[in-house]
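Take a look at the structure below.
The values are calculated or read from the model by the stated rules, or taken from the named source; none is laboratory data. Keep in mind that what you see is a predicted model, and the values were worked out from it rather than measured. Cβ placement follows ideal geometry from the backbone for every residue including glycine, while neighbour counts extend to all protein chains displayed. Ligands, DNA and RNA are stripped out before the accessible areas are found, and what is left, the full protein with its side chains, is counted by its heavy atoms. Shrake-Rupley method; radii C 1.70, N 1.55, O 1.52, S 1.80 Å.
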Amino acid sequence: MLCLFCKKESGGSRSVEHIVPESLGNTTGTLPPGVVCDKCNNYFALKVEKPFLEDPTIVSLRFHQGVPSKKRRIPPLSGTLGPGLPVTVYRHLDGPTAGIIDTTTEAFRWMASSESKVVLSLPSPSDEWNEVLVSRFMAKAALESMASRLLDSPEGLSSLVDEVQFDPIREYARYGIGKLWPVSMRRIYEADKAWGASAGEVVQRVWEWGFLHTNRGEVYFVLALFGLEFSINLGGPVVEGYRMWLEENSGRSPLYPDGIE
Ligand SMILES: [Zn+2]
């Protein structure tokens, strides 16, 4: 068996690869050991997923939306208290927003002696993303999602490894080779949108994905994370075809062909 990214023998690998990090709530979208070798798995964890998860936009979304890491911990958020005194806020998993506030003695004294209401300021989620991080992450997830659809077919999987058409996106994901691979980013629903579930309970969607085959012969991998939709072209570093497709389809997301309820 050969690795999807470095194309080296991966038969002895032991790591399960997560298409979207487990820290974003993904436990089902995985690839068995060997599809991605241990070395590539480790590289992506450290060089692509970690910086992506630590990006201020993601940290803020995980904090505000209460999405725990795989160690069941919500990342803390830094903010300020009153006249700009630094604080770190830790959020309990099933508790109120402000769990524990970590601050300096100076800030604590100020708070204790303050006669007016104490104001805690925390950065709110923004839709400003670090394009390079998002793009490397999307390139990796796109190829892995394609592999996940071929798990029942060893020939299909090995032809995906051999397919030279995907070598540019493969090398961009794994080695950062090539110029920035653009990603279309837009919001398709609010981050905290509540969705009706079958048993009358309400669920929150953290991530979902799919593929779009356009009539121009392009293939896009589309991923939504906290209501933000990202699309990447598997065939080349251009995203114009996706914008054209959106125009022709009234801006509907390929993930929601019938619109969003
Ligand atoms: Zn590899």
Counting only residues that are of a type outside the set (S, T, N, Q) and surrounded by fewer than 19 Cβ atoms within 10 Å (Cβ to Cβ), which one in the stretch 53-66 is nearest to the ligand (Cβ to nearest atom)?
LEU53
Does the stretch 13-26 include one or more residues that are modelled with pLDDT of 80 or more and over 28 Å from VAL222 (Cα atoms)?
yes
Taking the stretch 17-28, which residues are within 16 Å of the ligand (Cβ to nearest atom) and over 15 Å from LEU2 (Cα atoms)?
HIS18, ILE19
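Would you be able to tell me the number of residues in the stretch 211-235 that are modelled with pLDDT of 90 or more and open to solvent by less than 10 Å² (accessible area, probe 1.4 Å)?
Going through the stretch 211-235 one residue at a time, the tally reaches 10.
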Search the stretch 181-210 for residues being open to solvent by 70 Å² or more (accessible area, probe 1.4 Å) and either among the hydrophobic types (A, V, I, L, M, F, W, C) or touching a Lys or Arg at 6+ places or on another chain (Cβ under 6 Å) (or both), and hand back the single one that is modelled with the highest pLDDT.
VAL202
Just give me the residues in the stretch 7-16 being near the ligand (Cβ under 10 Å from one of its atoms) and polar (S, T, N, Q), in sequence order.
SER10, SER13
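So if I check each of LEU31, LEU4, which one is touching a Lys or Arg at 6+ places or on another chain (Cβ under 9 Å) and either closer than 20 Å to ASP152 by Cβ or crowded, with 19+ Cβ neighbours inside 10 Å (or both)?
LEU4
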Using beta carbons and a limit of 8 Å, which pairs, at least six apart or on different chains, have the first residue in the stretch 29-52 and not assigned by TED's automatic domain parsing to the domain that holds ALA142 and within 9 Å of the ligand (Cβ to nearest atom) and the second one of a type in the set (Phe, Trp, Tyr) and not in a helix (DSSP H, G or I)?
VAL36/PHE5; CYS37/PHE5; CYS40/PHE5
Checking ILE177 against (1) more than 16 Å from the ligand (Cβ to nearest atom); (2) at pLDDT below 95; (3) open to solvent by 10 Å² or more (accessible area, probe 1.4 Å), which test does it fail?
(1)
Kindly evaluate ALA147 against the criterion of being touching a Phe, Trp or Tyr at 6+ places or on another chain (Cβ under 8 Å), at pLDDT 95 or above and either surrounded by 13 or more Cβ atoms within 10 Å (Cβ to Cβ) or in a strand (DSSP E or B) (or both).
no
